[in-house]
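All remarks here apply to the structure that follows.
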Amino acid sequence: MRERPLTRNIRPGRPPPDLAATLRVGGYQAARRALTRMDPAAVIAEVAASGLRGRGGAGFPTGRKWSLLPKAEDRRPRVLVVNADEMEPGTFKDRLLLEGDPHQIIEGALISAFAIGAGTATIFLRAEYTLAAQALAAAIAEAEAGGWLGRDILGSGFSLELRLHVSAGRYICGEETALLSSLEGRRAIPRAKPPYPAASGLWGDPTVVNNVETIANVPHIVANGAEWFRGLARGADGGTKIYGASGRVKRPGAWELPMGTTIREIVEDHAGGMRAGYRLRGLLPGGASTDFLLAEHLDVAMDFASVEKAGSRLGTGTMIILDDRTCPVAMVHNLERFFARESCGWCTPCRDGLPWVERILAAIEAGDGQPDDLALLAWHTQALGPGRTFCAHAPGAMEPLQSGLKHFRADFERHIAEGGCPWK
């Protein structure tokens with residue numbers, strides 16, 4: 001169980017453990033240790049030493065993120081926000097944690113808030129996660145009644161108000177500054193940076209935004225130590241990771257495994273391999289906004305550096321599998337249609353460029369593609385690339401397109417030459 005700390009209390013098909021059950025298996029003991037035997041600086045140092053990196057996609061070191069808050073002389077209130085707006089296509093790892101063990105998230109938020117000196121914390125939840133909302137609301141009420149939230153927790157002098165905010169539902173809210181704008185009741189538009197949220201976040205106060213899976217790791221680091229956490233991984237990145245696989249595999253799902261587990265082990269051992277009659281042709285390793293990898297990459301370790309070296313990003317660590325009987329052009333078109341609809345519309349390249357890309361792909365699929373369309377799509381991957389837009393939404397949308405054009409160009413050309421999709 002120590003090798004799978006995040007999912008040790010999760011039993012598929014059963015309700016999540018209540019407060020009494022959580023306490024029986026050692027829940028909230030890390031919070032007790034942090035609040036009564038450690039100071040905030042010691043907690044931050046332990047998390048920094050553990051090598052924990054953000055599990056939402058960017059992979060920024062968590063301890064360093066916490067340390068960027070202003071010094072104690074700055075008297076503004078600090079704020080913690082748990083990003084549970086899991087809308088990345090193909091990603092369902094946070095849902096597993098939220099529905100299966102909500103008290104783990106609350107304990108992680110409590111320790112994290114103590115470390116950064118935040119008196120208020122908010123869980124920003126995707127609107128469609130209704131079961132998670134029910135589980136979290138019940139667990140928060142239990143934690144308040146049990147003295148784990150509220151004023152002067154454990155007589156430590158530290159107080160925390162934890163709120164659950166169910167969002168209106170937009171993909172762009174996964175971007176931390178757009179999330180903060182939404183929390184303030186405004187249109188979910190990313191903000192110019194700097195200032196970063198650590199300096200000026202929610203209502204202008206210093207704010208830390210961490211992903212659900214990131215927060216869930218914190219109690220285990222405090223309870224077991226940084227060296228233990230590093231020892232869970234197979235490479236330089238510490239801890240475990242909840243990996244997932246969807247598509248035509250025999251057992252789609254999510255599994256907590258050592259950070260650095262290979263793609264092959266995840267697909268063949270845990271997902272059961274491909275269904276009968278299907279062959280793996282490619283995969284998006286970390287959700288829809290990552291570059292395609294191929295069957296030749298099966299032995300790549302799923303950690304930040306290895307996946308980047310292979311030409312993609314770890315992202316959320318949840319793979320979307322492309323099989324040999326699914327049209328890659330249709331798959332890319334489907335993703336670009338989603339990204340175009342979810343653009344916040346703030347900057348011109350994203351607002352106008354993504355619908356343009358979607359229309360070109362729709363024409364190619366319908367048999368109206370032109371020979372110059374592929375060059376035009378390639379131009380968009382540059383025009384909407386990093387540094388050309390207000391946030392990372394459009395650059396992320398370009399990753400499956402640019403890698404699709406690279407790896408499956410013959411399929412795009414065949415669509416144009418034959419006047420439509422050969423798979424239809």
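Total residues in the stretch 1-25 satisfying the condition of being surrounded by 13 or more Cβ atoms within 10 Å (Cβ to Cβ) and either hydroxyl-bearing (S, T, Y) or closer than 24 Å to A145 by Cα (or both): the figure is 10. Looking only at residues of the stretch 101-119 that are of a type in the set (G, A, S) and buried (at least 22 other Cβ atoms within 10 Å of the Cβ), we find that the one that is farthest from F292 (Cα to Cα) is A118. When the stretch 89-129 is filtered for residues that are out of contact with any strand residue (DSSP E or B) (no Cβ under 9 Å at 6 or more places or on another chain) and more than 30 Å from P40 (Cβ to Cβ), the ones remaining, listed by number, are E99, E128.
Can you find even one residue in the stretch 273-288 that is of a type in the set (S, T, Y), buried (at least 23 other Cβ atoms within 10 Å of the Cβ), over 29 Å from N224 (Cα atoms) and outside the structural domain of F60 (by TED's automatic domain parsing)? Scanning the stretch 273-288, I find no residue that is of a type in the set (S, T, Y), buried (at least 23 other Cβ atoms within 10 Å of the Cβ), over 29 Å from N224 (Cα atoms) and outside the structural domain of F60 (by TED's automatic domain parsing), so the answer is no.
Taking the numbered list (1) under 22 Å from the mean Cα position of the chain (by Cα); (2) surrounded by fewer than 21 Cβ atoms within 10 Å (Cβ to Cβ) in turn, F124 passes all entries but (2).
Scanning the stretch 369-401 for residues that are in contact (Cβ under 8 Å) with a residue 60 or more places away in the chain and over 14 Å from V329 (Cβ atoms) turns up F390, C391, A392, H393, G396, A397, E399. Selection of first residues in the stretch 221-240 that are at negative phi and of second residues that are in a helix (DSSP H, G or I) and among the polar types (S, T, N, Q), restricted to Cβ pairs under 7 Å at least 6 apart or on distinct chains, gives the following pairs, ordered by first then second residue: I221/S50; A223/Q29; A226/S50; F229/S50; R230/S50; G238/S50. Do we find a residue being over 25 Å from C173 (Cα atoms), surrounded by fewer than 23 Cβ atoms within 10 Å (Cβ to Cβ) and out of contact with any Pro (no Cβ under 6 Å at 6 or more places or on another chain) anywhere in the stretch 332-351? Within the stretch 332-351, none of the residues are over 25 Å from C173 (Cα atoms), surrounded by fewer than 23 Cβ atoms within 10 Å (Cβ to Cβ) and out of contact with any Pro (no Cβ under 6 Å at 6 or more places or on another chain). Counting the residues of the stretch 129-148 that are within 26 Å of the chain's Cα centre (by Cα) and under 10 Å from I106 (Cβ atoms) gives 4.
Among helices (runs of 4 or more DSSP H) entirely within the stretch 159-254, having at least 3 residues that are under 24 Å from T7 (Cα atoms) and not hydroxyl-bearing (S, T, Y) singles out 212-224, 226-231. Across the stretch 48-72, the number of residues qualifying as hydroxyl-bearing (S, T, Y) and either in contact (Cβ under 8 Å) with a residue 24 or more places away in the chain or under 25 Å from S312 (Cα atoms) (or both) comes to 2. Within the stretch 257-296, the set of residues being touching a helix residue (DSSP H, G or I) at 6+ places or on another chain (Cβ under 6 Å) and in a loop (DSSP other than H, G, I, E, B) comprises A288, S289, T290, D291, F292.
The values are calculated or read from the model by the stated rules, or taken from the named source; none is laboratory data. None of these values were measured; they are calculated from a predicted model. Cβ sites come from the backbone with ideal geometry, for glycine too, and all protein chains shown count toward neighbours.
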